[in-house]
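Before any comments, here is the structure.
Please treat every number below as a calculation from the coordinates, not as lab data. Just so we're clear, the structure is a prediction, and the values are computed from it rather than from any experiment. Cβ atoms come from the backbone with ideal geometry, glycine included; neighbour counts cover every protein chain shown.
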Amino acid sequence: MKVDAAKQSLNAVNPEVEIVSVPKRLDAAALSPLVSQADVILDCTDNFATRHAINRACVAHAKPLVSGAAIRFDGQLMVFDLRTRESACYACLFPEDAQVEEVQCSTMGVFAPLTGVIGAAQAMEALKLLAGVGESLSGKLQVLDAKNAEWRTVRVKKDPAGGVCAKKG
Ligand SMILES: [Zn+2]
């Protein structure tokens, strides 16, 4: 299974790290207790349904979310530090009811090094959040155009009418 392979690879690099794998698809109910126990959540999934379920759990438990995506030559990196009420959430940027065409890297393909770049950047932001070091990317979306070697940073505003994180305030 994918999780077992991931666990093996990670343990080969970091034998002292305890890895708890959960080899099943997580729905909202199953996500909640796992997210509540975490200090930071990294979303590396490839579909909007799961991304929104993870976002809702992070909003509910006020946990920081580091979200990454890569498709073809395009990468995205986002941090939502939901420990603060002012923080936007994933749904402020990509509304749950939006009519989006799902493009997955499993069908569209992805420029292989791009997943490494985005994954490493996610790890970097997660470690910064945990250590309280530097300035987090929270409230910003970074877009990497790998084809033209260009990073762009876009500010993300909390959507007061958005519903997902707005209800909490
Ligand atoms: Zn929101």
Taking segment 1-36, which trypsin sites (Lys or Arg not before Pro) meet the DSSP loop condition and have no more than 13 other C-beta atoms within 10 Å?
LYS24, ARG25
Along each of its three principal axes, how wide is the spread of alpha-carbon positions in segment 32-169, in whole angstrom units, largest first?
40, 37, 28
Given labels modelled 7 Å from the Cα in the Cβ direction, how far is it in nm from ALA62 to LEU127?
2.8 nm
Would you mind finding the longest exposed-site-free stretch of the chain, with exposed GluC sites (Glu not before Pro) meaning DSSP loop and at most 13 other Cβ atoms within 10 Å?
19-85
Computed magnitude of the charge dipole of segment 3-102 (debye, nearest 20; Cβ of K, R +1, Cβ of D, E -1)
180 debye
Give, rounded to the nearest 20 debye, the magnitude of the charge dipole that the chain has about its Cα centre when Lys and Arg contribute +1 at Cβ and Asp and Glu contribute -1 at Cβ.
320 debye
ASN148-GLN99 FRET efficiency (beta carbon distance; Förster radius 41 Å; 0.05 resolution):
0.90
Restraint check, LYS63/LYS158; LYS2/LYS147; LYS63/LYS157; LYS24/LYS140, Cα-Cα greater than 27 Å:
LYS2/LYS147; LYS24/LYS140
For segment 132-138, take each phi angle, set θ = phi - 60°, evaluate the Karplus expression 6.51 cos²θ - 1.76 cosθ + 1.60, and give the result in whole Hz per residue in order, putting x for glycine and proline.
x, 9, x, 9, 6, 6, 3
Going by Cα centres, segment 122-169 and segment 49-83 are how many Å apart?
9 Å
Point-charge dipole on Cβ atoms (K/R +1, D/E -1) for segment 71-169, about Cα centre, debye to 20:
360 debye
For LYS158, which sequence-distant residues (separation of 5 or more, or a different chain) have an amide H within less than 5 Å of its own amide H, given hydrogens modelled in the peptide plane?
ALA88
Karplus (6.51, -1.76, 1.60) ³J(HN,Hα), θ = phi - 60°, over segment 50-62, in Hz, Gly and Pro reported as x:
5, 4, 6, 5, 5, 4, 4, 5, 5, 5, 4, 9, 6
Which of the aspartates and glutamates could a cross-linker bridge to LYS128, judged by Cα under 19 Å and excluding same-chain residues fewer than eight apart?
ASP39, ASP43, ASP81
Full-extension gain between ARG83 and ASP4, please, as 0.36 nm times their residue separation minus the C-alpha to C-alpha distance.
25.3 nm
Under the classification rounded if a/c is under 1.5, otherwise prolate if a/b is larger than b/c and oblate if not, where does segment 1-89 fall, given a ≥ b ≥ c as square roots of the Cα gyration tensor eigenvalues?
prolate
